[in-house]
Amino acid sequence: MHPIGIFGGTFDPIHYGHLRSAFELLQALRLSEVRFMPAGDPPHRDVTIASPEQRLKMVRAAIGQQPGFNVDDRELRRAGPSYSVDTLAELRAEMPDRSLCLILGMDAFLGLPKWHRWQDILKLAHLVVAHRPGWRAPTMGPLGELLVDGGTGRVDDLHEAKAGRIFIHAVTQLEISSTEVRNLIASGRDPRYLMPDAVRDLIQQSACYTRTK
Ligand code: ATP
């Protein structure tokens, strides 16, 4: 049984930076699947622009029939803030023996110490950090220490243990962010080639980013 990758995010909207990173990690880490998990009520950030239903629809459209890519909408169905630690505890209860890899970009990893019960996350899952343009791995502070203790460059470590390791992986650097995509659309430009056409079509139909905050 290969590890499962859990890729959380607001996906407001999903773009090729997310999809390409997930695909490279699926292959490089020999994951059995990557589960895209749109966050319902993200605790660390401002409100989302597109509704939860729209974001879920865009994620579904983006992954299409891609083998190894799945959507898990549990955080959207849960009331209240979506804490990763609660989601991972739920997954761990469902799959007691499975290696779980929480995938996050370096920017998200650097914010980890602000997450609810962040130290418990590593008891439930590994952390797989996708190296994102412009962000460096910390060498000091709590995350620097975490990397000294749990960091690994061996993919097999993610297969042999169920949780507790941190793996940093350089993905193809696609400097795309959802914020820039939203701003671009709000200023009347076309997001073509930043995301799959199916996602672009949904954005055009709903006009959800035509005016952004
Ligand atoms: P926003 O601009 O609204 O903050 P975002 O583009 O960072 O959005 P999120 O949905 O917040 O997208 O990201 C989900 C996860 O994907 C995060 O862990 C983030 O670091 C990672 N990620 C986002 N864009 C990229 C990218 N271009 N390359 C690699 N990882 C990315």
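The values are calculated or read from the model by the stated rules, or taken from the named source; none is laboratory data. Computed from a predicted structure; not experimentally measured. Here the Cβ is made from the backbone with ideal geometry for all residues, glycine too, and neighbour counts use every protein chain on show. The area values use the complete protein model at the heavy-atom level, side chains included, leaving out ligands, DNA and RNA. Shrake-Rupley method; radii C 1.70, N 1.55, O 1.52, S 1.80 Å.
Of the conditions (1) surrounded by 13 or more Cβ atoms within 10 Å (Cβ to Cβ); (2) part of a helix (DSSP H, G or I); (3) of a type in the set (A, V, I, L, M), ALA130 satisfies every one except a single condition; which number is it?
Just one mismatch for ALA130, condition (2).
Step by step: first the residues of segment 133-163, then only those that are open to solvent by 30 Å² or more (accessible area, probe 1.4 Å), over 29 Å from TYR16 (Cβ atoms) and among the small types (Gly, Ala, Ser), then the one that is modelled with the lowest pLDDT. Which residue is that?
Across segment 133-163, the extreme among qualifying residues is GLY141.
Any idea how many residues of segment 26-71 are over 21 Å from ALA108 (Cα atoms), open to solvent by 60 Å² or more (accessible area, probe 1.4 Å), assigned to a loop (DSSP other than H, G, I, E, B) and at pLDDT below 95?
The number of residues fulfilling the criteria is 0.
Take segment 174-210 and flag every residue that is of a type outside the set (A, V, I, L, M) and surrounded by 16 or more Cβ atoms within 10 Å (Cβ to Cβ).
Scanning segment 174-210 gives SER177, SER178, ARG182, PRO191, PRO196, ARG200, CYS208, TYR209.
Pairs only if they're at least six apart or on different chains, beta carbon under 6 angstrom, first in segment 106-130 and within 18 Å of LEU26 (Cβ to Cβ), second part of a helix (DSSP H, G or I); list them, first residue then second.
Within 6 Å, the pairs are ALA125/LEU88; HIS126/LEU158; VAL129/MET106; VAL129/PHE109; ALA130/SER21.
Applying the selection to segment 81-121, what residues are part of a helix (DSSP H, G or I) and more than 16 Å from the ligand (Cβ to nearest atom)? Break it down stepwise before answering.
Restricting attention to segment 81-121, the residues satisfying the condition of being part of a helix (DSSP H, G or I) are 84-94, 106-110, 112-114, 118-121.
Once the filter is applied, which keeps residues that are part of a helix (DSSP H, G or I) and more than 16 Å from the ligand (Cβ to nearest atom), segment 81-121 yields ASP86, ALA89, GLU90, LEU91, ARG92, ALA93, GLU94, GLN119, ASP120.
Give the residue that is farthest from the ligand (Cβ to nearest atom), with candidates limited to residues of segment 1-25 that are of a type in the set (A, V, I, L, M) and open to solvent by less than 20 Å² (accessible area, probe 1.4 Å).
Among those that are of a type in the set (A, V, I, L, M) and open to solvent by less than 20 Å² (accessible area, probe 1.4 Å), it is ILE4.
Take the residues in segment 164-173 that are in a strand (DSSP E or B) and not aliphatic (A, V, I, L, M); name whichever of them is surrounded by the fewest Cβ atoms within 10 Å (Cβ to Cβ).
Here the answer is HIS169.
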